[in-house]
Amino acid sequence: MRHVLVEYLHRLSGEYKVPSESVVIVGASAAGCFTAESLRKRGFKGDIVLVGDEPPYDRPPLSKQILRGQWKCEQAYLLPPQRLQAIRVTHHLLDRAVRCDLTSKVIETESGVSIAFDHLVVATGVRPRRPKNANAKGIFTLRTMRDAEALRRAILESRRLVILGAGFIGLEVASSAVQMGADVTVLEQSPQPLAGRIGVTAASYMLEQHALHGVRLLVGTTLSRVLEKQGSDGPELAGVELADGTVLETSLLLIGIGCQPNTEWLTGSGLDLSDGVVCDEYCRAAANVWAAGDVSSWLHLGLGRHLRLEHRTNAFEQGDAVARNIIGKASPYLPVPFFWTEQFNMKLQLAGLRPEGAEEKLEYESDTGFLRSFRMRDRTTGYVALNAAKAMASYRQRLNFGPN
Amino acid sequence: MRVVVHDDHCIGSGACVVEAPRVFALADSGLVIVLDEEPPVELHDGVRKAAAACPVAVIEIVE
């Protein structure tokens, strides 16, 4: 309706200017915030509306500086309030989108607000997966600032923590919790944690360091049952039972077994939601509908397949790519994936990918670290660096995932 | 132009060094150091590219 009216006025006066377009960004974390920043940096003059159920903050510090109490929560802000004003972003924070109608181009929020858009950017991210019936007090996941603060209090109180899943979240929390003086046990189903992602050498090195720092890692096993006891206000965690019947007593369990995309609010919109929001090579899910960050599964033309990356670096780069494609002529998004993790005294970076069965080669070694390459069919597909960030900075430039 | 780096958040990607090697370098820790906080005009383009290329957006330009 608005467009018809604008068109009418335009013809009527002969000089009425069609207002610039509006972009509504749903999700106010890294991908959403950087889309807004980048739109303005690139000269976008229209309205930008940011909708999200939390204020904008960065997530990588949650398992590290925030959990260990080294940072106050303000230090993790992505866009301080004055910055949002400076780049003229209208925000609906502490609200969330609950419905989306692509025909009338409007979203509705939980508080009942309807927001019309010309362009919609979906940046609603992911949330941790949780096994069914794992709701007793003392069972945690870690994704939000609130999660991190609650987990911090619980660790300081109980000093004993069981972690399900030796992925990056699980091991980062293990490292932080040990530094906080806790006794930590990590359970992992796979016999070789991390190896699929970063290669056997880097994985063994990291797990050895965990062992040296006192983390107890139980591989090839999983939790078969959560043991509860009745607490003063509902069921409380008492322990976990492993597949072989072993019982570990604990009042604190962190679950780090992966995430699922937040796309429920798009159900019925007509978008392909088979793995997050499925997009073309331009990060476009439908005409004028885009997706960035953890929720976006886009066609990487250089790799010839869809990719969905839950990395902080991708949130930034893809937000920037979406902003570029909204403003100008769309170009395919062709990043070299990059992520990092910090555990104890180790800083690990991975650039590119490690395909199943890749050959590994040592490229660089120093007193403190190393850098290894992954090769597949005579082509280098990635590098992993352990305490070798400086070397990584130059090796990384050699990777190019553009179409051949 | 003044260059401010919020190095708490630096991840040592080195993207800035590629764009503006006379203004940014990586220390042995792998994290960024600023070589010239008030770079001359001819380097401003590079600094802007570096700020845009930083994957964690820790480079702030005050003009």
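For every residue, the table says whether it meets (1) over 21 Å from the mean Cα position of the chain (by Cα); (2) more than 30 Å from residue A:43 (Cβ to Cβ); (3) outside any helix (DSSP H, G or I).
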site: A:309; (1), (2), (3): no, no, yes
site: A:323; (1), (2), (3): no, no, no
site: A:342; (1), (2), (3): no, yes, yes
site: A:348; (1), (2), (3): no, yes, yes
site: A:351; (1), (2), (3): no, yes, yes
site: A:360; (1), (2), (3): yes, yes, yes
site: A:367; (1), (2), (3): yes, yes, yes
site: A:394; (1), (2), (3): yes, yes, no
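For the range A:144-240, which strands (runs of 3 or more DSSP E) that fit wholly inside it have 1 or more residues that are touching a Lys or Arg at 6+ places or on another chain (Cβ under 9 Å) and polar (S, T, N, Q)? Can you show your working first?
Numbers: elements: A:160-164, A:183-188, A:216-219, A:223-231.
In the range A:144-240, A:183-188 are the strands (runs of 3 or more DSSP E) which contain 1 or more residues that are touching a Lys or Arg at 6+ places or on another chain (Cβ under 9 Å) and polar (S, T, N, Q).
Conditions: (1) open to solvent by 60 Å² or more (accessible area, probe 1.4 Å); (2) at negative phi. Residue A:107 meets all but one. Number of the miss?
(1)
Identify, please: which residue in the range A:377-392 is in contact with a strand residue (DSSP E or B) (Cβ under 7 Å, 6 or more places away or on another chain) and in a strand (DSSP E or B) and is, among those, nearest to residue A:303 (Cα to Cα)?
A:381
Which one of these is hydroxyl-bearing (Ser, Thr, Tyr), open to solvent by 20 Å² or more (accessible area, probe 1.4 Å) and within 26 Å of residue A:315 (Cβ to Cβ): A:366, A:331?
After ruling out the rest, the residue left standing is A:331.
Could you check the range A:21-59 and list, in sequence order, the residues that are in contact with a strand residue (DSSP E or B) (Cβ under 8 Å, 6 or more places away or on another chain), within 14 Å of another protein chain (Cβ to nearest Cβ) and open to solvent by 20 Å² or more (accessible area, probe 1.4 Å)? Let's see the steps before the verdict.
Going residue by residue through the range A:21-59, those that are in contact with a strand residue (DSSP E or B) (Cβ under 8 Å, 6 or more places away or on another chain) are A:21-29, A:31-33, A:35-36, A:39-40, A:44, A:46-58.
Next cut, within 14 Å of another protein chain (Cβ to nearest Cβ) only: A:29, A:31-33, A:35-36, A:39-40, A:56-58.
Residues satisfying the conditions are A:29, A:40.
For the range A:277-294, what are the residues that are outside any strand (DSSP E or B), open to solvent by 10 Å² or more (accessible area, probe 1.4 Å) and in contact (Cβ under 8 Å) with a residue 12 or more places away in the chain?
Listed by number, the residues that qualify are A:280, A:281, A:282, A:288, A:294.
Among the listed residues A:297, A:251, A:274, which satisfies the condition of being in a loop (DSSP other than H, G, I, E, B) and surrounded by 15 or more Cβ atoms within 10 Å (Cβ to Cβ)? Steps first, please.
Numbers: A:297 fails: in a loop (DSSP other than H, G, I, E, B); A:274 fails: surrounded by 15 or more Cβ atoms within 10 Å (Cβ to Cβ).
When all the criteria are applied, what remains is A:251.
Has the range A:69-79 got any residue that is farther than 30 Å from residue A:344 by Cβ and either touching a helix residue (DSSP H, G or I) at 6+ places or on another chain (Cβ under 7 Å) or open to solvent by 60 Å² or more (accessible area, probe 1.4 Å) (or both)? Give the steps one after another, and end with the answer.
First, the residues of the range A:69-79 that are farther than 30 Å from residue A:344 by Cβ: A:79.
Applying the additional criterion that residues be either touching a helix residue (DSSP H, G or I) at 6+ places or on another chain (Cβ under 7 Å) or open to solvent by 60 Å² or more (accessible area, probe 1.4 Å) (or both) yields A:79.
There is at least one residue in the range A:69-79 that is farther than 30 Å from residue A:344 by Cβ and either touching a helix residue (DSSP H, G or I) at 6+ places or on another chain (Cβ under 7 Å) or open to solvent by 60 Å² or more (accessible area, probe 1.4 Å) (or both).
In the range A:111-147, how many are over 16 Å from residue A:56 (Cα atoms) and of a type in the set (Asp, Glu)?
Going through the range A:111-147 one residue at a time, the tally reaches 1.
Being hydrophobic (A, V, I, L, M, F, W, C), touching a Leu at 6+ places or on another chain (Cβ under 7 Å), open to solvent by less than 50 Å² (accessible area, probe 1.4 Å) and within 9 Å of chain A (Cβ to nearest Cβ) is true for just one of B:56, B:23, B:17, B:32. Which residue is that?
Working: B:56 fails: touching a Leu at 6+ places or on another chain (Cβ under 7 Å); B:23 fails: within 9 Å of chain A (Cβ to nearest Cβ); B:32 fails: within 9 Å of chain A (Cβ to nearest Cβ).
One residue alone meets the criteria, B:17.
Here are some conditions: (1) modelled with pLDDT of 95 or more; (2) surrounded by 21 or more Cβ atoms within 10 Å (Cβ to Cβ). Residue A:312 meets all but one. Which one does it not meet?
The number of the failed condition is (1).
The values are calculated or read from the model by the stated rules, or taken from the named source; none is laboratory data. Keep in mind the model is a prediction, meaning the values are calculated, not measured. Ideal geometry is used to build each Cβ from the backbone, glycine not excepted, and the neighbour counts take in all protein chains shown. Heavy atoms of the whole protein, side chains included, go into the accessibility calculation; ligands, DNA and RNA do not. Shrake-Rupley method; radii C 1.70, N 1.55, O 1.52, S 1.80 Å.
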